[in-house]
Amino acid sequence: MEISADKVVLIHYTLKDDAGGVIDSSAGGEPLAYIQGHGNLVSGLEKALEGKQDGSSIAVSVQPAEGYGEFDQALIQRVPKRSLQGSGEIKKGMQFQAQTADGMRLFTVTGVMGDMVTLDGNHPLAAKTLHFDVQVVSVRDATAEELEHGHVHGAGGHHH
């Protein structure tokens, strides 16, 4: 069966950076399950998988515009520590979810100076070219419930 909109696709993947370092991989674990055409994957990878068959393997490099976006300086903010009340001791590397004009966004603490905290709302992979090696494990029709919810249920269906 070929990958097209509303198909549930199980893939094994390895994601590398420009230097060939592995950022993420499903090797040794369960394959990742997603619904094609529902924005579950970065758009560049979804486009590359369109029309592929079960059992096929692809290698694709996804530019930032079709990955996690370009680095946006406006997403770096300095806020007073007191605005992050109830978080205990604030350390570099901690992450907070915050409501923004674009919806929920994850912010990472990149610095703490005195009473000020620097938060970065860019995705850790923003501005990076993503190099995917993907093996298509299986392709099936999505159920009505899966389509309604926009994600896969059962084996391989994880909430990210």
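Just so you know, all these numbers are worked out from the coordinates, no wet-lab data involved. Everything numeric here is computed off the predicted structure, so don't read it as measured data. Every residue, glycine among them, receives a Cβ derived from its backbone with ideal geometry; neighbour counts consider all protein chains shown.
Below is a table of values for the structure above.
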item	result
Contour minus Cα-Cα distance for Leu106 and Ser43 (0.36 nm per residue)	20.7 nm
Inter-site label distance for Ala5 and Lys91 at 7 Å from Cα along Cβ, in nm	4.7
Lysine pairs meeting the criterion (Cα under 23 Å, 8 or more apart or interchain), as found in the chain	9
Nearest-0.05 FRET efficiency for Asp17 and Gln73, computed from C-beta distance (R0 25 Å)	0.70
Whole-Å semi-axes of the ellipsoid equivalent to the stretch 73-120 (Cα gyration tensor, √5λ, descending)	17, 12, 10
Whole-number Å³ per residue for the convex hull built on Cα positions in the chain	146
Under the Karplus curve 6.51 cos²θ - 1.76 cosθ + 1.60, θ = phi - 60°, whole-Hz ³J(HN,Hα) for the stretch 87-96, x wherever Gly or Pro sits	9, x, 6, 9, 10, 4, x, 5, 10, 10
Note, ³J(HN,Hα) from phi for the stretch 5-10, Karplus 6.51, -1.76, 1.60, rounded to Hz, x at Gly and Pro	3, 6, 8, 8, 10, 9
All Cα pairs of the stretch 42-128, percent lying beyond 21 Å	45
Rounded, prolate or oblate (a/c below 1.5 giving rounded, otherwise prolate when a/b exceeds b/c) for the stretch 80-160 by Cα gyration tensor	prolate
Contact order normalised by residue count of the chain, Cα under 8 Å, 6+ apart, percent	35
